[in-house]
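Chemist: Below is a structure I'd like to ask you about.
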Amino acid sequence: MLWLITGGICSGKSAFADELARSVGREGIRLSCPSFPQWNTLDQQEDKDGREHFPWVFMDADDTLANKLNAINLESNIFRADRRVIVLDSLSGWLRCMYHRAEADNPDEEARIDAAWQEVIASITSFQGKMIVVTEDITAGLSMSLQEQGYAFRLASANRKLLDISTTLYRMTAGMATEVKGYRLKRGKVTDENIYSDR
């Protein structure tokens, strides 16, 4: 089961993800990375609300993120998977960090980033337990570098793919969560969408 949380920078996505995790699980694993590479990962070792009854395990969402998700997925028994929730905070920050570490003017870097990105998306979509994924809405200005275009298109495509398999999408605005449900246009041969029936 997948919950998707999106919104702008510092809109309250992380705090809401933690609160949602407490409501849908009985224990959590938090895979964290900063929204921007130069930011420090927030100190989340203590439960800020003083709710010690909800145990957290904290891990870095680093280059081995796909391997960590796959290991959690494979090593979980049915009972543990049902009571535990994974919080990935944030997918957009992870991709931004990958671009930040890329070597400038190296044509092989784009292929390396794409391979790592596809591996992470596959590990999320194949995950069998409860997962909350925090991401960002993509905005674009008048001029974007090729690197920025690659980031924007990759993240936007992943957001659409994750929306297709998610239980619920929440959009955060200034600390307020809105549960987003609505009509979508029928795309190609996708069936059973809201506006058009399968006829």
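Chemist: Take Val133 and decide whether it is free of Cβ contacts under 8 Å to residues at least 60 places away in the same chain and either under 30 Å from Arg26 (Cβ atoms) or not in a helix (DSSP H, G or I) (or both).
Modeler: no
Chemist: Considering only the stretch 27-53, state which residues are modelled with pLDDT of 90 or more, within 15 Å of Ala15 (Cα to Cα) and not basic (Lys, Arg).
Modeler: Within the stretch 27-53, Gly28, Ile29, Leu31, Ser32, Cys33 qualify.
Chemist: Within the stretch 58-81, can you find the residues that are surrounded by fewer than 14 Cβ atoms within 10 Å (Cβ to Cβ) and more than 17 Å from the chain's Cα centre (by Cα)?
Modeler: Ala71, Leu74, Glu75, Asn77, Ile78, Phe79, Arg80
Chemist: Please work out which one of (1) touching an Asp or Glu at 6+ places or on another chain (Cβ under 7 Å); (2) assigned to a loop (DSSP other than H, G, I, E, B) is the condition Ala66 fails and give its number.
Modeler: (2)
Chemist: Take the residues in the stretch 84-127 that are part of a loop (DSSP other than H, G, I, E, B) and modelled with pLDDT of 90 or more; name whichever of them is nearest to the chain's Cα centre (by Cα).
Modeler: Ser90
Chemist: Can you tell me which residue in the stretch 125-139 is surrounded by the most Cβ atoms within 10 Å (Cβ to Cβ), limited to those that are among the hydrophobic types (A, V, I, L, M, F, W, C) and in contact with a helix residue (DSSP H, G or I) (Cβ under 6 Å, 6 or more places away or on another chain)?
Modeler: Checked the stretch 125-139; the qualifying residue surrounded by the most Cβ atoms within 10 Å (Cβ to Cβ) is Ile132.
Chemist: Right, here's the next one. Quick one: how many residues across the stretch 170-183 are hydrophobic (A, V, I, L, M, F, W, C) and either out of contact with any helix residue (DSSP H, G or I) (no Cβ under 6 Å at 6 or more places or on another chain) or at pLDDT below 90 (or both)?
Modeler: Count: 3.
Chemist: Which members of the stretch 136-178 meet the condition of being farther than 14 Å from Leu88 by Cβ, part of a loop (DSSP other than H, G, I, E, B) and not hydrophobic (A, V, I, L, M, F, W, C)?
Modeler: Within the stretch 136-178, Asp137, Thr139, Gly141, Ser143, Ser145, Thr167, Gly175 qualify.
Chemist: Of all residues in the stretch 93-127, count the ones that are under 20 Å from Asp60 (Cβ atoms) and among the charged types (D, E, K, R).
Modeler: 4
Chemist: Would you confirm whether any residue within the stretch 147-162 is touching a strand residue (DSSP E or B) at 6+ places or on another chain (Cβ under 6 Å) and either surrounded by 14 or more Cβ atoms within 10 Å (Cβ to Cβ) or within 23 Å of Asp18 (Cα to Cα) (or both)?
Modeler: The answer is yes; a qualifying residue exists.
Chemist: Moving to a separate point now. Return only the number of the condition from (1) under 22 Å from Ala177 (Cβ atoms); (2) among the basic types (Lys, Arg); (3) without any contact (Cβ under 8 Å) to a residue 40 or more places away in the chain that Arg112 does not satisfy.
Modeler: (1)
The values are calculated or read from the model by the stated rules, or taken from the named source; none is laboratory data. Since we're looking at a predicted model, the values are computed, not measured. No Cβ is skipped: glycine too gets one built from the backbone with ideal geometry, and neighbour counts run over all protein chains shown.
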